Ligand code: J2J
């Protein structure tokens with residue numbers, strides 16, 4: 001079995017007694033629909049349409065072949081697929097035989113994938129030949145040398161490695177194959193992170209399933225819901241808040257979109273009668289602009305009932321324009337792959353919907369808002385968010401040192417967000433974790449600083465956020481160069497980082513050079529003063 005930090009027994013008992021944990025694997029989501037209505041439309045991907053029976057059959061075919069190849073409970077998989085139907089077919093196939101996937105983002109490159117592979121030692125990798133890393137076999141061979149036994153590709157001709165081939169009927173699922181127990185790890189979520197290596201979050205069937213079922217009720221998802229999957233398919237928001245899995249749970253239909261780009265999405269909304277769409281704030285801004293530029297486009301959106309917005313700060317003024325311009329309901333979502341998810345409720349008054357990021361899913365989500373000394377602050381005062389509850393994890397995968405910092409002695413996870421609580425509702429007003437939130441894409445400062453420092457001419461590096469009108473934040477790297485070194489150009493610096501294999505969204509948007517970096521009283525780099533110096537220049 002894959003190791004993880006379990007909830008203490010008294011908590012587990014309470015969560016079961018309250019009906020949150022139902023001790024069923026996530027695969028019951030498909031099984032339920034097979035009984036309710038197997039012919040219902042589950043997933044639309046371009047011109048391909050999949051019923052629940054299709055999802056069941058295809059995921060069973062793949063599961064059976066993987067089981068025959070010797071994979072089963074306790075194994076891990078590394079998956080990197082774009083927004084296509086196969087993403088969810090693969091997800092269910094792996095869970096059916098107890099193999100826990102890490103779902104890398106499609107924007108991830110060699111560094112991220114290698115790090116995940118090193119952490120979970122996957123026996124199978126499922127990826128796309130359309131990704132630059134897999135256009136030839138160099139990286140695949142590296143993975144094989146590291147112990148990966150099977151590589152399956154979307155867009156591959158050779159049957160042995162073709163995902164399409166492995167989805168065809170081949171053999172029966174062995175009698176003894178099955179999901180991991182519901183209180184064990186089902187799959188890994190990715191942490192936005194603030195540390196040098198990307199951290200993994202083990203999620204159990206019980207905890208994840210509860211967050212899905214509760215989100216479905218809060219967001220009013222039903223069998224009539226037609227849900228646009230335009231954000232990355234494996235992101236926690238897209239999967240579970242209420243997400244594709246929430247829609248499957250309710251028997252609704254998911255419409256895959258390649259990206260949140262407005263004109264493509266508007267066409268899909270009109271064609272497929274989409275009713276619900278989750279988006280990050282910069283995408284909302286693009287959608288609003290598209291309708292302002294050509295008000296006739298509104299006609300394409302008449303079926304859209306609910307837009308869920310989360311992942312990064314959402315300005316109140318923009319929030320107010322959502323129902324005005326797009327004629328749909330807004331629900332704000334403040335969530336994290338580590339667990340806790342907050343929603344504004346469908347019957348909340350406008351003051352709450354536009355100006356807060358909602359309140360927790362569960363009556364048993366415990367929230368503390370703390371001052372710098374770890375003491376609770378009064379309502380209305382900003383403080384650091386700490387939380388524990390029935391679907392908030394208890395530890396990053398194999399990260400004892402980091403866990404010692406991220407959790408307190410009572411098991412509360414300190415998310416690094418600064419929030420204000422009022423009447424149980426939270427507003428996100430800042431951040432203490434060393435992370436840049438670039439329009440919902442999270443960048444751990446330390447990871448990029450370490451990579452910059454691998455350049456022989458760089459002696460000190462600090463990555464900080466810069467306010468940005470469109471993305472909310474961009475990143476700026478402050479660099480101190482070796483004495484006598486020639487100033488490096490931004491393209492050369494970006495090339496250095498790309499050559500190390502990091503995802504493009506993590507590349508600094510700007511570079512600044514300094515003779516020395518300012519230090520705080522305790523001798524750490526004073527990032528606040530670096531941010532202030534940028535603000536002063538921009539003012
Ligand atoms: C401000 N900051 C927010 C919001 C997340 C639903 C929605 C989002 C995520 C997600 C998710 C924010 N306003 N509305 O997993 O299920 C920032 C916070 C938080 C971090 C988590 C979900 N919503 N954030 O964004 O794991 O800083 O999850 O701690 O990617 O995003 O990032 P991530």
(message) Suppose the filter is within 30 Å of residue 18 (Cβ to Cβ), within 16 Å of the ligand (Cβ to nearest atom) and modelled with pLDDT of 95 or more; does residue 318 pass it?
(response) no
(request) Would you mind telling me which numbered condition in (1) within 22 Å of the chain's Cα centre (by Cα); (2) closer than 30 Å to residue 399 by Cα residue 143 fails? (result) (1)
(request) Among residues belonging to the stretch 205-232 that are more than 16 Å from the ligand (Cβ to nearest atom) and in contact (Cβ under 8 Å) with a residue 60 or more places away in the chain, point out the one that is surrounded by the fewest Cβ atoms within 10 Å (Cβ to Cβ). (result) 223
(message) Every residue in the stretch 137-157 that is modelled with pLDDT of 95 or more and more than 21 Å from residue 76 (Cα to Cα), please.
(response) 137, 138, 155, 156
(message) Please count how many residues of the stretch 404-424 are in contact (Cβ under 8 Å) with a residue 60 or more places away in the chain, surrounded by fewer than 22 Cβ atoms within 10 Å (Cβ to Cβ), assigned to a strand (DSSP E or B) and touching a helix residue (DSSP H, G or I) at 6+ places or on another chain (Cβ under 9 Å).
(response) 1
(message) Being part of a strand (DSSP E or B), crowded, with 18+ Cβ neighbours inside 10 Å, in contact with a helix residue (DSSP H, G or I) (Cβ under 8 Å, 6 or more places away or on another chain) and touching a residue at least 12 places away in the same chain (Cβ under 8 Å) is the requirement here; does residue 300 meet it?
(response) no
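Each row is one residue, and each column tells you yes or no for (1) within 22 Å of residue 199 (Cα to Cα); (2) touching a residue at least 12 places away in the same chain (Cβ under 8 Å); (3) outside any helix (DSSP H, G or I).
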| site | (1), (2), (3) |
| --- | --- |
| 62 | no, yes, no |
| 65 | no, yes, no |
| 77 | yes, yes, yes |
| 95 | yes, yes, no |
| 101 | yes, yes, yes |
| 107 | yes, yes, yes |
| 127 | yes, yes, yes |
(message) What's the total number of residues in the stretch 300-317 that are under 19 Å from residue 439 (Cα atoms) and within 23 Å of the chain's Cα centre (by Cα)?
(response) 9
(request) Evaluate the following for residue 361: is it closer than 27 Å to residue 303 by Cβ, within 15 Å of the ligand (Cβ to nearest atom) and surrounded by 21 or more Cβ atoms within 10 Å (Cβ to Cβ)? (result) yes
(message) Among the residues in the stretch 148-164, are any in contact (Cβ under 8 Å) with a residue 40 or more places away in the chain, surrounded by fewer than 24 Cβ atoms within 10 Å (Cβ to Cβ) and out of contact with any strand residue (DSSP E or B) (no Cβ under 8 Å at 6 or more places or on another chain)?
(response) no
(request) Please indicate, with yes or no, whether at least one residue in the stretch 375-384 is in a strand (DSSP E or B), surrounded by 21 or more Cβ atoms within 10 Å (Cβ to Cβ) and within 11 Å of the ligand (Cβ to nearest atom). (result) no
(request) Kindly provide the set of residues from the stretch 304-315 that are surrounded by 16 or more Cβ atoms within 10 Å (Cβ to Cβ) and either within 12 Å of the ligand (Cβ to nearest atom) or not in a loop (DSSP other than H, G, I, E, B) (or both), ordered by number. (result) 306, 307, 308, 309, 310, 311, 312, 313, 314
(message) Which count do you get for residues in the stretch 519-535 that are in contact with a strand residue (DSSP E or B) (Cβ under 7 Å, 6 or more places away or on another chain) and in a loop (DSSP other than H, G, I, E, B)?
(response) 1
(request) Kindly provide the set of residues from the stretch 26-50 that are in contact with a strand residue (DSSP E or B) (Cβ under 6 Å, 6 or more places away or on another chain) and either part of a helix (DSSP H, G or I) or buried (at least 16 other Cβ atoms within 10 Å of the Cβ) (or both), ordered by number. (result) 26, 41, 42, 43, 44, 45, 50
(request) Would you be able to say whether some residue in the stretch 186-193 is touching a helix residue (DSSP H, G or I) at 6+ places or on another chain (Cβ under 7 Å), under 25 Å from residue 287 (Cα atoms) and surrounded by 22 or more Cβ atoms within 10 Å (Cβ to Cβ)? (result) no
(request) Among the residues of the stretch 439-454, write down those that are in a strand (DSSP E or B) and buried (at least 23 other Cβ atoms within 10 Å of the Cβ). (result) 443, 444
(request) Kindly provide the set of residues from the stretch 327-347 that are surrounded by 19 or more Cβ atoms within 10 Å (Cβ to Cβ) and not in a loop (DSSP other than H, G, I, E, B), ordered by number. (result) 330, 331, 332, 333, 334, 335, 336, 339, 340, 341, 342, 343
(request) Say whether the condition of being in contact with a helix residue (DSSP H, G or I) (Cβ under 7 Å, 6 or more places away or on another chain) and not in a strand (DSSP E or B) is met by at least one residue in the stretch 467-474. (result) yes
(request) Answer yes or no as to whether residue 445 is over 27 Å from residue 6 (Cβ atoms), within 16 Å of the ligand (Cβ to nearest atom) and touching a strand residue (DSSP E or B) at 6+ places or on another chain (Cβ under 9 Å). (result) yes
(request) Go through (1) in contact (Cβ under 8 Å) with a residue 40 or more places away in the chain; (2) within 23 Å of residue 473 (Cα to Cα); (3) part of a helix (DSSP H, G or I) and name the single condition residue 284 misses. (result) (1)
(request) Scan the stretch 269-283 and give yes if some residue there is more than 27 Å from residue 216 (Cβ to Cβ), modelled with pLDDT of 95 or more, touching a helix residue (DSSP H, G or I) at 6+ places or on another chain (Cβ under 7 Å) and away from the ligand (no atom under 16 Å from the Cβ), otherwise no. (result) no
(request) Could you check, for the stretch 480-500, whether at least one of its residues is more than 16 Å from the ligand (Cβ to nearest atom) and part of a strand (DSSP E or B)? (result) yes
(message) Among the listed residues 401, 324, identify the single one that is part of a helix (DSSP H, G or I), out of contact with any strand residue (DSSP E or B) (no Cβ under 7 Å at 6 or more places or on another chain), without any contact (Cβ under 8 Å) to a residue 24 or more places away in the chain and within 30 Å of residue 2 (Cβ to Cβ).
(response) 401
(message) So, in the stretch 203-241, how many residues would count as being under 21 Å from residue 340 (Cα atoms), part of a loop (DSSP other than H, G, I, E, B) and more than 13 Å from the chain's Cα centre (by Cα)?
(response) 2
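The values are calculated or read from the model by the stated rules, or taken from the named source; none is laboratory data. Because the structure is predicted, anything quoted here is derived from the model rather than measured. Quick reminder, even Gly has a Cβ in these numbers, built from the backbone with ideal geometry, and neighbours come from all protein chains shown.
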